[in-house]
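Here's the structure we're looking at; comments come further down.
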Amino acid sequence: MRTDDLIDALAADAGRGAEPAPPRRLALVASLGGVAALLLVLGWLRARPDLGQAILGPMFWIKAIYTGLLGLAGYLAVERLSRPAGSGRRGWIVGAVVFGVCAVAGIYQAITSPDVQAALKLLHGHSWRSCSPRILVLGLPMLALGLWALRGMAPTRPGLAGFAMGLFSGGVVATVYGLHCPEHTFTFLALWYSLGVLALGLIGGWAGRWLLRW
């Protein structure tokens with residue numbers, strides 16, 4: 001029997017006999033990863049000085065909803081992909097729709113700006129150089145923990161499972177990062193926040209191909 005045939009047979013047997021993918025493990029990963037990101041934000045970046053006032057405004061919560069939904073999309077994908085022969089299609093659809101809505105809103109903000117300088121201000125904000133790298137750094141502990149947890153499950157698509165775990169991690173830690181970040185435009189969110197989350201997904205996909213192989 002070829003190796004690929006043996007893996008397919010084992011996956012089929014696991015799919016019939018194993019318990020569903022353990023959402024509790026993923027919830028624990030999110031909890032620990034979120035706490036790690038929070039400690040890094042408070043100890044390294046510090047909470048934004050106007051946080052008390054910012055939480056009273058709608059854009060603070062819209063930003064949190066956007067990043068939280070990206071994390072939900074990653075969760076939906078990785079929860080399925082952690083099962084034998086699982087598909088993350090539902091998560092990919094949710095993620096694409098959420099990003100698409102934010103991107104359209106960001107483009108609308110940019111094209112309705114009074115001039116080019118105003119549009120660039122929406123795009124760059126005050127922290128465009130540091131936003132994506134910081135989200136990446138904040139998400140690495142959760143991603144590492146998540147990949148370790150996936151090794152105890154049964155993913156048969158290791159690259160996709162790792163990519164989904166990266167998106168899950170990125171959405172969670174980007175939400176925490178909002179406690180520090182003062183940016184509040186859809187244009188900024190659609191580009192720099194999304195790039196930070198995507199970077200974690202790409203690293204997770206690359207690492208998953210090697211760490212999650214049977």
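Since every read-out is calculated from the coordinates, none of them should be taken as a lab result. Treat the numbers as computed from the prediction; the structure is a model and nothing was measured. Cβ atoms come from the backbone with ideal geometry, glycine included; neighbour counts cover every protein chain shown.
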(message) If you take every residue apart from residue 176 with its C-beta less than 12 Å away from the C-beta of residue 176, what net charge results, scoring Lys and Arg +1 and Asp and Glu -1?
(response) +2
(message) Can you give the log10 of the normalised intensity I(q)/I(0) at q = 0.07, 0.14 Å⁻¹, computed with Debye over equal Cα scatterers of the chain?
(response) -0.24, -0.80
(message) Counting only helical runs of four or more DSSP H residues, what would the 222 nm mean residue ellipticity of the chain come to if each run contributes -39,500 (n - 2.57) and the total is spread over all its residues?
(response) -24500 deg cm²/dmol
(request) Could you tell me the distance between the Cα centroids of the range 24-94 and the range 133-207, to the nearest Å? (result) 8 Å
(request) Enumerate the helices in the chain for which the Kyte-Doolittle hydropathy averages -1.0 or more and the C-alpha atoms extend at least 24 Å along the helix's axis, using complete DSSP H runs. (result) 23-40, 58-81, 89-111, 128-151, 158-177, 194-211
(request) Determine the relative contact order of the chain: mean sequence separation of Cα pairs under 8 Å and six or more apart, normalised by residue count, in whole percent. (result) 31 percent
(message) Test of the criteria: in the range 85-141, which trypsin sites (Lys or Arg not before Pro) are in a DSSP loop and have at most 11 other Cβ atoms within 10 angstrom of their Cβ?
(response) none
(message) I need the peptides 43-51, 98-106, 190-198 ranked by packing, meaning the mean over residues of other C-beta atoms within 10 angstrom, with the highest value on top.
(response) 190-198, 98-106, 43-51
